[in-house]
Ligand code: 5AD
Ligand code: SF4
């Protein structure tokens, strides 16, 4: 299913350091939340070697590009970024400073050899399954003076070899990501994930619980469980039995102080009765679910190898809403999959009208080399894709506005996580992930409080704290 991909460049990880670290590390992250999590973990494995985050690449002894391959010209973006980094590396070299450049993530996995051929100044190429070997790769790169490439799927599980995520990683954060599952066996026709992230695998329950406990102890109140197919989670339980996501959620809900649990990204086929029941039983499970459907025509869903029909999706949504009436949905859509006719596209529009989405991400189909759809006939012309995307996005925007409008005048719980943009403001998230701003004192940051929503802005809500909270 993949994660939500912004396609935008990069989250720059790094703190403006006044101190000069032993070695500077600059990580540039593209793509999904899974990559954000992985970037943090790469920082963890490199910390014992003396690497500390720095804010800019020219101050870095090591630069990691953590890449995404899901759509559009991913590799080209990486090569253009590498061109920029090459200049930095050369300038540093002239000043007598070495720089290790590493390319990680899904582009590395898919196009490792091509990267080394086109960008010979890259020192390390590593796939998503080999981060735990980074220290050894850094040592080899320094020794050999040649490039190191690790893009196989090792027999050992990287999670068994990664250091425990330390509390400082999440200190001062009230929300956190926690990867519990990786990879995908679904092989949707259009998607590279099964090839770049490999087969589905789940972390053992105790390891997930231990990490969640550490996060909560450091102040985290809202945990998003991550996985390419997160609801296909099947982790080894403490008693040797296999636990599903529902069972894990019930256990996590026992952690005192953890008031919000989310998970993404889910596949409709794995939305089982136990998980639907968990939405009924656990107030901690947030009433907001990212459940991509991709298309609304059964013919296209079959061509996509999705393994469900449009009506089966409608039925899952109906049962979820029965279990949790305030549940809102988000989804991903692809327009212009090979073979998609006007009639097929209309079926997608109809599904959107029937379900009503609070949020959605929609994309033009982009052929990924090596995937079945890329080689299929009946590719849809670009101008047709453009027109369909515009029509779909207009409808989805309307629905998003309508959903946000339903919250105006209501009182909802907001978890405050930071200061707001304007002085005297604090900002947080609603259960449905919208940013919410209120006027309020800073000491309320970290608390979850009732807010009456007064206005909806383009991408956020503004509200007022309920009287008793202001003096709290
Ligand atoms: N073309 C367009 N969109 C894609 N996605 C995945 N592969 C492709 C592709 N080849 C979208 C899907 C997925 C999201 C993360 O990215 O909608 O759910
Ligand atoms: Fe999701 Fe399908 Fe890609 Fe698997 S193959 S990550 S289910 S879109």
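Each helix, a run of at least 4 DSSP H residues, gives -39500 (n - 2.57); summed and divided by the residues of the chain, these come to -10500 deg cm²/dmol at 222 nm. Using the Cα gyration tensor of segment 37-122, with a ≥ b ≥ c the square roots of its eigenvalues, what is the shape: rounded (a/c below 1.5), prolate (a/b larger than b/c) or oblate (neither)? Cα axes put segment 37-122 in the oblate bin.
Here 89, 254, 442 are placed in order of increasing Cβ neighbour count within 10 Å, fewest first, which gives 254, 442, 89. As a rough footprinting exposure proxy, the listed residues 30, 432 were ranked by other beta carbons within 10 Å of their own, and the order from fewest upward is 432, 30. Take each peptide in 339-347, 433-441, 232-240, count the other Cβ atoms within 10 Å of every residue, and average; sorted highest first, the result is 433-441, 339-347, 232-240. For a paramagnetic label modelled at 7 Å from the Cα of residue 94 toward its Cβ, which residues of segment 58-74 fall within the zone defined by backbone nitrogen distances under 19 Å? 58-61, by backbone N distance to the label point. Sorting the segments 62-74, 371-383 by their residues' average number of neighbouring beta-carbon atoms within 10 angstrom, most packed first, yields 62-74, 371-383. Within the chain, antiparallel bridges make up roughly 40 percent of the DSSP beta bridges whose residues both belong there.
Placing R0 at 30 angstrom, the Cβ-Cβ distance between residue 76 and residue 47 gives a FRET efficiency of 0.40 after rounding to 0.05.
Note on residue 326 and residue 354: the model spin-label points, each 7 Å out from Cα along the C-beta direction, lie 2.8 nm apart.
Between residue 210 and residue 281, the contour length at 0.36 nm per residue exceeds the Cα-Cα span by 23.2 nm. Annotation: extensible slack from residue 466 through residue 121 equals 118.4 nm (criterion: 0.36 nm per residue apart, minus Cα-Cα distance). The Rg/Rh ratio for the chain is 0.96, where Rg is the radius of gyration of the alpha carbons and Rh is the Kirkwood radius. Indicate the gyration tensor shape class of segment 328-472 (rounded, prolate or oblate), computed on the Cα atoms with a ≥ b ≥ c the square roots of the eigenvalues: a/c under 1.5 is rounded; otherwise a/b larger than b/c is prolate and the rest oblate. Here segment 328-472 falls in the prolate category.
Values quoted throughout were computed directly from the atomic coordinates according to the rules given, and no laboratory measurement underlies them. Predicted model only: the values in this text are computed from it and were never measured. Here Cβ is always computed from backbone atoms with ideal geometry, including for glycine, and neighbour counts include all displayed protein chains.
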